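Okay, structure first, notes after.
Nothing in this text is a laboratory measurement; each read-out follows from the coordinates by a stated rule. All values derive from a computational prediction rather than experimental measurement. Quick reminder, even Gly has a Cβ in these numbers, built from the backbone with ideal geometry, and neighbours come from all protein chains shown.
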Amino acid sequence: MLEVVLTLAMAAVLAAYAVPSYRAYAARGHRIDAVIALHRAARYIAANAFAPGSMPGLAPGLDRVPEHGRVVYRLELSPAAEASGGYELRAMPVDGGPMQGDGCGTFVLDGLGMRSNLGPSVDGASVERCWSGRAA
C-alpha cells in the first residue's frame, strides 16, 4: 500500500511540473505558427502586387493559423497608409482558443515588414520576445 501512495505522490509531482511546462511549449508553438503565417501572407500579397486602394481578402488557408485543424489565430488584411507599405496584416487569437488572453495579444505586420503586437502587456522589448515565440 505504501508503494502505491509513493507512486501516486511522485506522479502528482511530475504532473504538477509537466502540465504548465507543456502549456508554455504549446503556446510558443502557436506564436511561431502565427509569425510564419503572417510572413506567408505578406509574400502572397507581394507576389500578387495588388493595386493601391484595392485590398482583396487573403487566399483560403492563409486567413487562419494553423492551415488545417482547430483555428488558433485568425489573419486579417486591411489597408493602411502608404507610409507603412499600404497594408497591415493582423493575427488575432480566436475567442475561446488556447491563445485568448495571451500576453502577446495580436501580432501585426505591415507592408514594410515592421512588426508589433497589440496587447495589454506588450512594450518594445517584449515585441521581440513575442515574435521569437516567447511570452511577453
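A straight chain from Tyr25 to Ser78 at 0.36 nm per residue would run longer than the Cα-Cα distance by 16.0 nm.
Taking each DSSP H run with n ≥ 4 as -39500 (n - 2.57) and averaging over every residue of the chain yields -14500 deg cm²/dmol at 222 nm. Amide H contacts of Ala80 (H built 1.01 Å from N, in plane; Pro and chain starts excluded): Gly86, Tyr87, Glu88 sit under 5 Å, all sequence-distant by 5 or more or on other chains. Close amide H contacts of Asp110 (hydrogens built in the peptide plane, cut-off under 5 Å, sequence separation of 5 or more or a different chain): Leu89. Under 5 Å from the amide H of Arg64 lie the amide H atoms of Leu75, each residue being 5 or more positions distant or on a separate chain, with H modelled from the backbone and absent for Pro and chain starts. For the pair Asp95 and Met114, label points projected 7 Å from Cα toward Cβ lie 3.1 nm apart. Looking at [x] 1.35; [y] 1.05; [z] 1.83, which value of Cα Rg over 2.2 N^0.38 Å comes from a calculation on the structure shown? Label of the calculated value: [x].
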